[in-house]
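> Please see the structure below; I have some questions.
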Amino acid sequence: MTDEEIIKLVVGGDVERYGEIISRYEKRLRGFVKKLIGNNLEVDDIVEDSLISAYQNLRGFDAKQQFSSWILRIAHNKTVDFIKKKKTKIISDGIDDFKDNKKLIEDLEIEKENNIELHRAIEKLELKYREVIVLYFFEEKSYEEISDILHTSVSNVGVMMMRAKEKIKKYYEKK
Amino acid sequence: MKKNKILDKIKTGEVKMKPRWKFEAVKWSEMGLWIAMMGLGVVGAMGMGYFLMVYNLVELAEFGDLGWQILYEDFPYILGAMSIFGLIVGVIVMMNIGNNYKRSWQKNIMLMSLIIFLLTIVGLFLRP
């Protein structure tokens with residue numbers, strides 16, 4: 001059963017089915033938020049807030065859109081709110097996963113052995129650039145879907161991706 | 001486990017789904033605000049257009065510096081500001097409506113300006 005079909009049932013009154021959505025997205029949202037703000041203690045709270053907010057706004061979900069993009073947008077908003085409120089610093093050990101992404105390493109044309117440097121380079125990126133990298137390489141979203149999540153034009157997603165890669169490469173050149 | 005915790009909150013009614021009318025209300029109020037801002041832009045542009053039609057630029061030019069001074073002094077700057085305000089806020093509101101965010105803000109500004117321009121022309125020249 002697709003997410004969109006489950007949502008229809010939940011909106012229709014079968015609220016128990018929302019448990020399936022939570023099971024499908026809890027881990028995924030945690031991974032997404034963790035890659036953005038690191039191993040912060042409040043990752044779990046942001047994920048819970050996102051899942052609750054998604055439920056509260058289910059009637060506003062446009063079935064023409066992908067549910068995964070919609071819920072990632074909610075998590076993105078909650079994360080941005082959290083960063084603004086707490087003015088938090090990214091904690092580095094939460095973004096270890098970057099080194100295991102083959103596609104990212106190949107795309108950046110960097111040496112795989114230099115994991116620590118990749119880790120540091122991504123850690124230094126501003127949130128908007130890190131987010132594009134995470135959505136494209138980890139969530140495997142297309143530019144079109146990223147534009148839906150970040151509410152920006154597809155061309156701007158392309159520009160942000162290009163700048164993010166440039167910044168990572170520049171970091172490598174300096175080293 | 002989050003699943004049980006959230007489902008409990010849903011079942012006890014602590015967390016409720018917002019009614020559909022709330023989303024419709026937000027959608028229509030955004031649309032209304034956009035139309036209002038466009039109206040502001042059109043009224044401002046029409047006012048300036050009307051001013052330029054009354055104060056004939058060719059005639060003013062014949063008076064040299066004095067003619068330009070009259071133009072500077074009498075120009076309805078408030079209408080200009082109104083029109084620019086309507087355009088800027090209109091574009092910001094427009095980018096929140098539907099899928100307009102997919103277009104770059106430059107394209108949205110051009111589209112909004114074109115709509116204001118066309119409505120101004122219609123308002124100025126096609127009056128009964």
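> What do you reckon, is B:Val89 in contact with a helix residue (DSSP H, G or I) (Cβ under 7 Å, 6 or more places away or on another chain), under 30 Å from A:Gly13 (Cα atoms) and either at pLDDT 95 or above or not basic (Lys, Arg) (or both)?
Working: in contact with a helix residue (DSSP H, G or I) (Cβ under 7 Å, 6 or more places away or on another chain): yes; under 30 Å from A:Gly13 (Cα atoms): no; either at pLDDT 95 or above or not basic (Lys, Arg) (or both): yes.
No.
> So, of the residues in segment B:94-123 that are hydroxyl-bearing (Ser, Thr, Tyr) and closer than 17 Å to A:Thr152 by Cα, which turns out to be surrounded by the fewest Cβ atoms within 10 Å (Cβ to Cβ)? Even if it seems obvious, please write down each step before you answer.
Going through segment B:94-123, the residues hydroxyl-bearing (Ser, Thr, Tyr) turn out to be B:101, B:104, B:113, B:120.
Filter again for closer than 17 Å to A:Thr152 by Cα, leaving B:101, B:104.
Working: B:Tyr101: 19, B:Ser104: 16.
For segment B:94-123, the residue satisfying everything is B:Ser104.
> Would you mind finding the one in B:Val43, B:Val15 that is without any contact (Cβ under 8 Å) to a residue 60 or more places away in the chain, on the phi < 0 side of the Ramachandran plot, within 14 Å of chain A (Cβ to nearest Cβ) and not polar (S, T, N, Q)?
On the way: B:Val43 fails: within 14 Å of chain A (Cβ to nearest Cβ).
Selected residue: B:Val15, the only one of B:Val43, B:Val15 that is without any contact (Cβ under 8 Å) to a residue 60 or more places away in the chain, on the phi < 0 side of the Ramachandran plot, within 14 Å of chain A (Cβ to nearest Cβ) and not polar (S, T, N, Q).
> With the structure loaded, tell me whether A:Gly19 is under 21 Å from the mean Cα position of the chain (by Cα) and outside the structural domain of A:Val134 (by TED's automatic domain parsing) or whether it fails that test.
Here the answer is no, as A:Gly19 does not meet what is asked.
> Report the residue count in segment A:34-62 for those that are within 13 Å of chain B (Cβ to nearest Cβ) and out of contact with any Pro (no Cβ under 8 Å at 6 or more places or on another chain).
Residues of segment A:34-62 within 13 Å of chain B (Cβ to nearest Cβ): A:43-62.
Imposing the further condition that a residue be out of contact with any Pro (no Cβ under 8 Å at 6 or more places or on another chain) reduces the set to A:43-58, A:60-62.
Number of matching residues: 19.
> Give segment A:158-175 a look and list any residue that's more than 14 Å from chain B (Cβ to nearest Cβ), at pLDDT 90 or above and surrounded by 14 or more Cβ atoms within 10 Å (Cβ to Cβ), or say none.
Within segment A:158-175, A:Met161, A:Arg163, A:Ala164 qualify.
> If a residue counts only when it is farther than 30 Å from A:Tyr55 by Cα and in contact with an Asp or Glu (Cβ under 6 Å, 6 or more places away or on another chain), which helices (runs of 4 or more DSSP H) contained entirely in segment B:3-75 have at least 1 such residues?
Once the helices (runs of 4 or more DSSP H) in segment B:3-75 are filtered for at least 1 residues that are farther than 30 Å from A:Tyr55 by Cα and in contact with an Asp or Glu (Cβ under 6 Å, 6 or more places away or on another chain), nothing remains.
> Taking B:Asn96 as meeting all but one of (1) closer than 30 Å to A:Phe61 by Cβ; (2) part of a helix (DSSP H, G or I), write down the number of the exception.
So the condition that B:Asn96 fails would be (2).
> Filter segment A:120-157 down to residues that are surrounded by fewer than 20 Cβ atoms within 10 Å (Cβ to Cβ) and touching a Phe, Trp or Tyr at 6+ places or on another chain (Cβ under 6 Å), then give me how many there are.
Result for segment A:120-157: 2.
The values are calculated or read from the model by the stated rules, or taken from the named source; none is laboratory data. These figures come from a predicted structure and were not determined experimentally. Positions of Cβ are backbone-derived with ideal geometry, glycine not excepted, and every protein chain shown enters the neighbour counts.
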